[in-house]
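Student: I'd like to ask you about the structure that follows.
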Amino acid sequence: MSNKKDGLKYEKIVAKALVRYTGFEGVTTTIASGAMWFDKEDLKGTKDNQDYIIQVKGTKKHEYRLNSEDVYKVWNNAYEAGAHPFFVIVLVGKFKYKMILLNVKYVVDEIEGCKKSYLFKEEDMSYFVGAIMKYKDEAYDIHGRYKVAYFSATLNNIGYDILGALRFVFKWIKQNNRLFFCSEGALWSLQKQYANALKIEPKDAMPAHFMDETYFECIWKGVIS
């Protein structure tokens, strides 16, 4: 960030965004932005009953280069704190912010294996750190996935539930049982075959829920470009 005042401002913005949109709980800033040995990194919070420490990097430029040193730093600090590492890059525009959320455990292998850094550009967000997750069930590959795919296909050409997605911000919006947003449709299809999957209603599903290793296993992770 350009200065400490800007840094604290963006950390607070990120903290609110993580709680509002990604399923984190109790995200707060650390003491002196992580300068104290017992309270490292910029933010801390919980998700799925697990502790996280979060590094925030930002710039008012239109790109940001993520260095391997920064990734390893938050990784090591999280290990020492008995927590999980998380990274947020903020591209600060005149009227809006763009945030890139990185689950560090899916980044370390990629950087270690091929690059010392990655360049994230505002005008070309073709870099995406992600993972392919598969539902944990012995019969999933035999027949389960085909049934889930069938139910998912029945949602083709159904209108997108924009208001349903906005319910995460505006709780007073009523549920529309005829429309689906992406995560809602995915969990609805999965629960038609596995009724107890994730143990939440489809209308409450967010992309982060599908990273829950209690129910899913990661079969690929890396940088998509």
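The values are calculated or read from the model by the stated rules, or taken from the named source; none is laboratory data. As the structure is a computational prediction, the values presented were derived from the model and not from experiment. Glycine gets a Cβ as well: all are built from the backbone with ideal geometry, and neighbour counts include every protein chain shown.
Student: Residues in the range 71-91: is at least one assigned to a loop (DSSP other than H, G, I, E, B), at pLDDT below 85 and within 22 Å of Met211 (Cβ to Cβ)?
Tutor: no
Student: In addition: Being within 20 Å of Phe120 (Cα to Cα), at pLDDT 80 or above and either surrounded by fewer than 20 Cβ atoms within 10 Å (Cβ to Cβ) or over 14 Å from the mean Cα position of the chain (by Cα) (or both) is the requirement here; does Thr59 meet it?
Tutor: Criteria met by Thr59.
Student: When you go through Asp51, Asp39 one by one, which is the residue that is assigned to a strand (DSSP E or B) and either surrounded by fewer than 18 Cβ atoms within 10 Å (Cβ to Cβ) or on the phi > 0 side of the Ramachandran plot (or both)?
Tutor: After ruling out the rest, the residue left standing is Asp51.
Student: While we're looking at this one, here's another question. Within the range 175-187, does at least one residue satisfy the condition of being aromatic (Phe, Trp, Tyr), within 19 Å of Gly23 (Cβ to Cβ) and exposed (fewer than 11 other Cβ atoms within 10 Å of the Cβ)?
Tutor: no
Student: Let me ask you something else. List, please: which pairs have Cβ atoms under 7 Å, are six or more places apart or on different chains, and start with a residue in the range 15-34 that is in the same structural domain as Ala208 (by TED's automatic domain parsing) and end with one that is at pLDDT 85 or above and surrounded by 16 or more Cβ atoms within 10 Å (Cβ to Cβ)?
Tutor: Short answer, once both residue conditions are applied: none.
Student: Do the conditions hold for Val223, that is, is it modelled with pLDDT under 90 and in a strand (DSSP E or B)?
Tutor: Yes: the conditions hold for Val223.
Student: Considering only residues of the range 16-36 that are in a loop (DSSP other than H, G, I, E, B) and surrounded by fewer than 16 Cβ atoms within 10 Å (Cβ to Cβ), which is modelled with the lowest pLDDT?
Tutor: Of everything passing the filter in the range 16-36, Ala35 is modelled with the lowest pLDDT.
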